[in-house]
């Protein structure tokens, strides 16, 4: 499968914010999954002018394939600077693929309390689900070969950019 034409990730963040805005509850908070989801959550916080700090979550220890993959070399601390109990949460990630990262993030969030709701926002949904998880908010639906991987990263100026890597 040829590599896809990559959209402007900053424009996608704006489109994602605009799709979230009409459904945003007053006490909702964002929780970004390390690392791409954290970058997107920070951008959404700015675009939506949300007062609350965002939560940062690293799912490394909650992955169901932890035994196979081992510890990721760049484990980040989880930081949830607000009360989870009874709060509406928007879980943010850069790419939704199999659903396993999302499932792991939800498991970890419930260790902090029982949120009123958890809604998922992603920049890219590449299909290939192995679990019944969907993104309520998404900016881009893309099909990729199993050997292809989307990678979001900030450039030197802090702008978010996509890369597509083919591991074939």
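The values are calculated or read from the model by the stated rules, or taken from the named source; none is laboratory data. Remember, it's a predicted structure, so these values are computed and weren't measured experimentally. A quick note on method: Cβ atoms are made from the backbone with ideal geometry, for glycine too, and the neighbour counts reach across all protein chains shown.
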State the number of residues belonging to the stretch 8-35 that are modelled with pLDDT under 95 and surrounded by 14 or more Cβ atoms within 10 Å (Cβ to Cβ). 2
Residue 96 being closer than 20 Å to residue 1 by Cα and touching a helix residue (DSSP H, G or I) at 6+ places or on another chain (Cβ under 8 Å): yes
Conditions (1) within 18 Å of residue 102 (Cα to Cα); (2) touching a helix residue (DSSP H, G or I) at 6+ places or on another chain (Cβ under 8 Å); (3) without any contact (Cβ under 8 Å) to a residue 40 or more places away in the chain -> residue 14 fails only (1)
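Yes/no matrix, rows are residues, columns are (1) touching a helix residue (DSSP H, G or I) at 6+ places or on another chain (Cβ under 9 Å); (2) under 30 Å from residue 26 (Cβ atoms); (3) surrounded by 12 or more Cβ atoms within 10 Å (Cβ to Cβ):
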{"residue": "77", "(1), (2), (3)": "no, yes, no"}
{"residue": "90", "(1), (2), (3)": "yes, yes, yes"}
{"residue": "105", "(1), (2), (3)": "yes, yes, yes"}
{"residue": "118", "(1), (2), (3)": "yes, yes, yes"}
{"residue": "127", "(1), (2), (3)": "no, no, no"}
{"residue": "138", "(1), (2), (3)": "yes, yes, yes"}
Identify the residue in the stretch 47-74 that is over 30 Å from residue 7 (Cβ atoms) and surrounded by fewer than 14 Cβ atoms within 10 Å (Cβ to Cβ) and, among all such residues, is modelled with the highest pLDDT. 61
